[in-house]
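S.K.: Next up is a structure, given as structure tokens.
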Amino acid sequence: MDQDAIANPAKTASPQVIETIGQEANNALVLSPGVTLTLGPESLVIPDQLVTRPSRSCLPCLPSIGAKNSTPSSIPYYNILWAETSEDRSWLVVDYAHEDSPHHLVVRDLKFAIPAQTAEQTDDHMAKWVENLLGRAYGTAVRRKRAWVLVNPHAGPGGADKIWDKQVKPIFEAARMPMTVVRTTYSGEAVDLAQVLDIDNYDIAIPCSGDGLPHEVFNGLAKRPDARRALSKIAVCHIPCGSGNAMSCNLYGTHRPTLAALAIIKGIPTPLDLVSITQGEERFVSFLSQALGVIADLDLGTEHLRWMGAARFTVGFLMLVLQKKTYPCDIAIKVEIEHKDSVKRHYRERVTLGSTDGEASNGGGQSKACDGTDADGCPTTSSSPSPSAAVDDGGPGLPPLKYGTVMDKLPEGWELVPYEKLGSFYCGNMAYMAPDANFFSAALANDGLMDLIITQGDVNPLKSVGLQMAVDTGEFFDSPLVTYRKVSAYRLIPRNAGTGGYLSIDGEARPFEPFQAEIHQGLGLTLSKKGCFEAPGPLNWDKVTTSERLLA
Ligand SMILES: Nc1ncnc2c1ncn2[C@@H]1O[C@H](COP(=O)(O)OP(=O)(O)OP(=O)(O)O)[C@@H](O)[C@H]1O
């Protein structure tokens, strides 16, 4: 076969009717003798004749020349975005994402001609082959999800417009996703837009932003008269363009926009717990975290140090711990799992071990809130509801509040405990709060529980620094300086409310005033890679088994 024919199989002298090979009828697509596209176990195998390798660079430290235009010898199914034939079946196009550098993916087409002589069974075989390929590429993920995209041009360090245009949009286009794109023009616009969104026209919402815009989208959906349907119909996703990007880290295990885009294309629906917050007369939802104390001050109180870049957090942290700053407040907590060992056990029981590769996944869909005494030994949630609490009437709006609002009398059975020397109150719904900041390592997507961390402020500064470093090493959970509990509701009253202070909810500043929180299991919807968070879980959580065995 001459070189030209290899490059363009349509030019082969004697066109071949496409045939099948062996028993794997729909796995092989023969383009001409010896040129076969094969559906392998994990990837699409490209015949040697179509593989083009980049020329090697003269210096090992430089990328190979033409790397972007090369065709690999196989394409993992996960990277395949779409495949289709032209109407006359003379062309087959396979679109795929190719990670040609550690920093981004490039979308490219693989085009080649099918021999001219096509019979009816050829058409049929080809359609089946393409369907087979797409089936392997998408698994149970919905193809061509209809996306409502929001781009915040001011997110994080800037550049969300460019990230969207240059890196993300081409990948979504290659996956043939129908899209409506909106560029936000003012703060709060995403709330307004989500409130009136025609939810029957879309499957997913994709903020290209920090964590602020997903917070707004959840809240816009939550404000609708049909809030429950809207929140369970529209999967709120995230393209990371901010500086923290917690949502993307947890759901897709990355803060790189192109990898997040691919994870969204292949993502599977995952119910997500949402937390109702009441403050004054207001009720809104939180999907990520609530913080008061050192963490909130670091997040919101170091704006004046922004010129330092990421160093502002280190400098701000050192300033706070040297002052041994404390944040006196009163807190009533509806604790569901009190001890760290029980938290680990709860986590472990909801994690399913991958049967073949041993990979752990905290399989959210099966999880169940501890709302009664069960095998876990979880305490019962027997507190009497507050006067304004209502029985869930199954109405279309947000679920009624079991424990009323912050304006109500304290629910029966709740006790306000004084925390004179609080260092940090940090409540989380997801594990990572930023890349490499896995604060809530036992968090599950929809166990109907919030993870609550409390630390004291009057700690030796060196110990505080060590504690911060323990977040990086994964030893934070086990630190004796950390109280880690699973809770379903709480009320927090800062002592010096109204005097200025920082309260951060999903990373956004809220008035430094009393508020109450209550979780709703699986009220929201998102897409994740495996139906759970991409976080490793508490260190040594398997050791619980050993101690339990010893106890037994
Ligand atoms: N066009 C706009 N002009 C001003 N503010 C906007 C605009 N669009 C969105 N916003 C607001 O920007 C705020 C922050 O958004 P977002 O989380 O996307 O970025 P970020 O806070 O910079 O991210 P990070 O906290 O990770 O650095 C949100 O409250 C949102 O309402």
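The values are calculated or read from the model by the stated rules, or taken from the named source; none is laboratory data. Computed from a predicted structure; not experimentally measured. All Cβ positions, even for glycine, are placed from backbone atoms using ideal geometry, and neighbour counts span all protein chains on display.
S.K.: Please specify each residue of the stretch 510-532 satisfying the condition of being small (G, A, S) and not in a strand (DSSP E or B).
M.R.: Scanning the stretch 510-532 gives a single hit, G531.
S.K.: Looking at the structure I just gave you, is N201 touching a residue at least 24 places away in the same chain (Cβ under 8 Å), of a type outside the set (F, W, Y), more than 13 Å from the ligand (Cβ to nearest atom) and more than 23 Å from G428 (Cα to Cα)?
M.R.: Considered against the rule, which asks whether it is touching a residue at least 24 places away in the same chain (Cβ under 8 Å), of a type outside the set (F, W, Y), more than 13 Å from the ligand (Cβ to nearest atom) and more than 23 Å from G428 (Cα to Cα), N201 comes out as yes.
S.K.: So I206 fits all but one of (1) modelled with pLDDT of 95 or more; (2) more than 16 Å from the ligand (Cβ to nearest atom); what number is the exception?
M.R.: Going through the list (1) modelled with pLDDT of 95 or more; (2) more than 16 Å from the ligand (Cβ to nearest atom), I206 breaks only (2).
S.K.: Quick one: which of L523, L503, L481 is among the aliphatic types (A, V, I, L, M) and farther than 22 Å from F218 by Cα?
M.R.: On the way: L523 fails: farther than 22 Å from F218 by Cα; L503 fails: farther than 22 Å from F218 by Cα.
Just one listed residue meets the conditions, L481.
S.K.: I want to confirm something. Restricting to the stretch 183-198 and keeping residues that are under 14 Å from V149 (Cα atoms) and more than 10 Å from the ligand (Cβ to nearest atom), which single residue is surrounded by the fewest Cβ atoms within 10 Å (Cβ to Cβ)?
M.R.: D198
S.K.: So for the stretch 50-58 (the condition being more than 23 Å from N132 (Cβ to Cβ), in the same structural domain as N132 (by TED's automatic domain parsing), at pLDDT 70 or above and not hydrophobic (A, V, I, L, M, F, W, C)), does at least one residue qualify?
M.R.: Among the residues of the stretch 50-58, at least one is more than 23 Å from N132 (Cβ to Cβ), in the same structural domain as N132 (by TED's automatic domain parsing), at pLDDT 70 or above and not hydrophobic (A, V, I, L, M, F, W, C), which makes the answer yes.
S.K.: Name the residue that is modelled with the lowest pLDDT, counting only residues in the stretch 244-256 that are within 14 Å of the ligand (Cβ to nearest atom) and surrounded by fewer than 24 Cβ atoms within 10 Å (Cβ to Cβ).
M.R.: If we take residues in the stretch 244-256 being within 14 Å of the ligand (Cβ to nearest atom) and surrounded by fewer than 24 Cβ atoms within 10 Å (Cβ to Cβ), then G244 is modelled with the lowest pLDDT.
S.K.: Right, another one. For a quick check of your reading of the model, give me the residue pairs whose first member lies in the stretch 169-189 and is assigned by TED's automatic domain parsing to the domain that holds L262 and within 18 Å of N152 (Cα to Cα), whose second is more than 16 Å from the ligand (Cβ to nearest atom) and acidic (D, E), with beta-carbon atoms closer than 9 Å and at least 6 apart or on different chains.
M.R.: Close Cβ pairs (under 9 Å, with a partner that is more than 16 Å from the ligand (Cβ to nearest atom) and acidic (D, E)) amount to M179/E173.
S.K.: Inspect the stretch 282-290 for any residue being under 29 Å from Y490 (Cβ atoms), at pLDDT 90 or above and touching a Leu at 6+ places or on another chain (Cβ under 6 Å) and give the result as yes or no. I'd like the intermediate steps shown before the answer.
M.R.: Pass one, the stretch 282-290, residues under 29 Å from Y490 (Cβ atoms): 282-290.
Subset that is at pLDDT 90 or above: 282-290.
Keeping just the survivors that are touching a Leu at 6+ places or on another chain (Cβ under 6 Å) gives 285, 287.
Yes, some residue in the stretch 282-290 is under 29 Å from Y490 (Cβ atoms), at pLDDT 90 or above and touching a Leu at 6+ places or on another chain (Cβ under 6 Å).
S.K.: With the condition kept exactly as written, say whether any residue in the stretch 125-132 is more than 16 Å from the ligand (Cβ to nearest atom), in contact with a helix residue (DSSP H, G or I) (Cβ under 9 Å, 6 or more places away or on another chain) and of a type in the set (D, E, K, R).
M.R.: Going through the stretch 125-132, the residues more than 16 Å from the ligand (Cβ to nearest atom) turn out to be 125-132.
Okay, now just the ones that are also in contact with a helix residue (DSSP H, G or I) (Cβ under 9 Å, 6 or more places away or on another chain), so none.
Within the stretch 125-132, not a single residue is more than 16 Å from the ligand (Cβ to nearest atom), in contact with a helix residue (DSSP H, G or I) (Cβ under 9 Å, 6 or more places away or on another chain) and of a type in the set (D, E, K, R).
S.K.: Then there's this: What do you reckon, is M469 surrounded by fewer than 18 Cβ atoms within 10 Å (Cβ to Cβ) and over 15 Å from L272 (Cβ atoms)? Before the answer, list the steps.
M.R.: Numbers: surrounded by fewer than 18 Cβ atoms within 10 Å (Cβ to Cβ): yes; over 15 Å from L272 (Cβ atoms): yes.
Yes, satisfied.
S.K.: So, one more: For L274, all conditions in the list (1) touching a Gly at 6+ places or on another chain (Cβ under 7 Å); (2) farther than 30 Å from K409 by Cα hold save one; what is the number of the exception?
M.R.: Condition (2) is where L274 drops out.
S.K.: Which one is nearest to the ligand (Cβ to nearest atom) among residues in the stretch 143-160 that are modelled with pLDDT of 95 or more and surrounded by fewer than 16 Cβ atoms within 10 Å (Cβ to Cβ)?
M.R.: So the residue we want is R146.
S.K.: Inspect the stretch 488-502 for any residue being touching a helix residue (DSSP H, G or I) at 6+ places or on another chain (Cβ under 7 Å) and either assigned to a helix (DSSP H, G or I) or crowded, with 17+ Cβ neighbours inside 10 Å (or both) and give the result as yes or no.
M.R.: The answer is yes; a qualifying residue exists.
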